[in-house]
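The values are calculated or read from the model by the stated rules, or taken from the named source; none is laboratory data. In this text the structure is predicted, and so the values were computed from the model without any measurement. All Cβ positions, glycine included, derive from the backbone under ideal geometry; neighbour counts span all protein chains shown.
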Amino acid sequence: MQIYTPEGHVGEPQTNLAPSPVVLSGKRIGVLDNTKPNAGILLNRLATRLEERTKAILVTVETKNAALAAPDQVMGKLTKEVEIVLTGSAD
(Lines give C-alpha, C1' and ligand atoms only; values in the text may rest on other atoms or scores of the structure.)
Protein backbone atom coordinates (compact mmCIF):
# COMPACT_ATOMS: atom_id res chain seq x y z
CA MET A 1 0.00 0.00 0.00
CA GLN A 2 1.27 3.47 -0.88
CA ILE A 3 0.18 6.46 1.16
CA TYR A 4 0.37 9.87 -0.49
CA THR A 5 0.71 12.97 1.60
CA PRO A 6 -1.36 16.03 0.64
CA GLU A 7 1.50 18.33 1.58
CA GLY A 8 3.66 19.99 -0.99
CA HIS A 9 3.53 22.55 -3.77
CA VAL A 10 0.92 22.06 -6.48
CA GLY A 11 0.45 24.14 -9.61
CA GLU A 12 2.33 26.88 -11.34
CA PRO A 13 4.73 29.06 -9.38
CA GLN A 14 3.26 32.37 -8.31
CA THR A 15 4.20 35.34 -10.46
CA ASN A 16 4.17 38.99 -9.52
CA LEU A 17 2.56 41.77 -11.49
CA ALA A 18 4.69 44.56 -12.84
CA PRO A 19 4.70 47.58 -10.54
CA SER A 20 2.02 50.17 -11.30
CA PRO A 21 3.28 53.48 -12.64
CA VAL A 22 3.04 56.33 -10.17
CA VAL A 23 1.94 58.79 -12.87
CA LEU A 24 -0.09 57.89 -15.96
CA SER A 25 0.53 61.17 -17.79
CA GLY A 26 2.14 60.48 -21.14
CA LYS A 27 1.97 56.70 -20.73
CA ARG A 28 0.79 54.67 -23.73
CA ILE A 29 -2.32 52.54 -23.13
CA GLY A 30 -3.30 49.39 -24.98
CA VAL A 31 -6.63 47.61 -24.77
CA LEU A 32 -6.84 43.82 -25.02
CA ASP A 33 -10.48 43.03 -25.77
CA ASN A 34 -11.45 39.39 -25.18
CA THR A 35 -14.61 39.80 -27.31
CA LYS A 36 -17.00 38.91 -24.50
CA PRO A 37 -20.25 40.87 -24.58
CA ASN A 38 -19.64 44.52 -23.69
CA ALA A 39 -15.96 43.97 -22.83
CA GLY A 40 -14.81 46.21 -25.69
CA ILE A 41 -17.25 48.96 -24.73
CA LEU A 42 -16.17 48.84 -21.08
CA LEU A 43 -12.44 48.79 -21.81
CA ASN A 44 -12.58 51.51 -24.46
CA ARG A 45 -14.61 53.79 -22.20
CA LEU A 46 -12.14 53.19 -19.39
CA ALA A 47 -9.24 54.00 -21.74
CA THR A 48 -11.00 57.17 -22.91
CA ARG A 49 -11.59 58.30 -19.32
CA LEU A 50 -7.96 57.63 -18.44
CA GLU A 51 -6.89 59.69 -21.46
CA GLU A 52 -9.08 62.59 -20.35
CA ARG A 53 -8.13 62.50 -16.67
CA THR A 54 -4.45 61.66 -16.85
CA LYS A 55 -3.27 62.70 -20.32
CA ALA A 56 -2.28 59.10 -21.06
CA ILE A 57 -2.52 58.11 -24.73
CA LEU A 58 -4.61 55.27 -26.17
CA VAL A 59 -2.32 53.63 -28.72
CA THR A 60 -3.87 50.34 -29.78
CA VAL A 61 -6.86 48.06 -29.35
CA GLU A 62 -6.22 44.37 -29.89
CA THR A 63 -8.71 41.52 -29.76
CA LYS A 64 -8.41 37.89 -28.83
CA ASN A 65 -10.73 34.95 -28.40
CA ALA A 66 -11.83 34.68 -24.77
CA ALA A 67 -11.32 30.92 -24.81
CA LEU A 68 -7.68 31.07 -25.90
CA ALA A 69 -4.50 32.78 -24.82
CA ALA A 70 -3.63 35.89 -26.80
CA PRO A 71 -1.48 35.05 -29.84
CA ASP A 72 2.23 35.81 -29.61
CA GLN A 73 1.91 38.52 -32.28
CA VAL A 74 -0.70 40.37 -30.21
CA MET A 75 1.34 40.10 -27.02
CA GLY A 76 4.48 41.16 -28.89
CA LYS A 77 2.75 44.23 -30.30
CA LEU A 78 1.45 45.24 -26.88
CA THR A 79 4.87 44.68 -25.32
CA LYS A 80 6.54 46.95 -27.87
CA GLU A 81 3.92 49.68 -28.21
CA VAL A 82 2.40 50.32 -24.78
CA GLU A 83 3.27 50.64 -21.12
CA ILE A 84 -0.19 49.91 -19.71
CA VAL A 85 -2.64 47.22 -20.86
CA LEU A 86 -6.30 47.25 -19.93
CA THR A 87 -7.93 43.84 -20.11
CA GLY A 88 -10.23 41.51 -18.25
CA SER A 89 -13.91 40.95 -18.40
CA ALA A 90 -15.94 37.99 -17.26
CA ASP A 91 -19.46 36.78 -17.73
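Conditions tested, residue by residue: (1) touching a Gly at 6+ places or on another chain (Cβ under 7 Å); (2) closer than 16 Å to Ala90 by Cβ; (3) modelled with pLDDT under 90; (4) loosely packed, with under 10 Cβ neighbours inside 10 Å.
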position: Thr5; (1), (2), (3), (4): no, no, yes, yes
position: Gly8; (1), (2), (3), (4): no, no, yes, yes
position: Gly11; (1), (2), (3), (4): no, no, yes, yes
position: Gln14; (1), (2), (3), (4): no, no, yes, yes
position: Leu17; (1), (2), (3), (4): no, no, yes, yes
position: Val22; (1), (2), (3), (4): no, no, yes, yes
position: Ile41; (1), (2), (3), (4): no, yes, no, no
position: Leu50; (1), (2), (3), (4): no, no, no, no
position: Arg53; (1), (2), (3), (4): no, no, no, no
Looking at region 61-82, is at least one residue at pLDDT below 90, part of a strand (DSSP E or B), surrounded by 15 or more Cβ atoms within 10 Å (Cβ to Cβ) and not charged (D, E, K, R)? yes
Which pairs have Cβ atoms under 8 Å, sit 6 or more apart or on different chains, and link a residue in region 62-86 that is touching a residue at least 12 places away in the same chain (Cβ under 8 Å) to one that is of a type in the set (D, E, K, R) and part of a helix (DSSP H, G or I)? Glu62/Lys77
Filter result (surrounded by fewer than 18 Cβ atoms within 10 Å (Cβ to Cβ) and either among the polar types (S, T, N, Q) or at pLDDT below 90 (or both)) within region 25-35: Ser25, Thr35
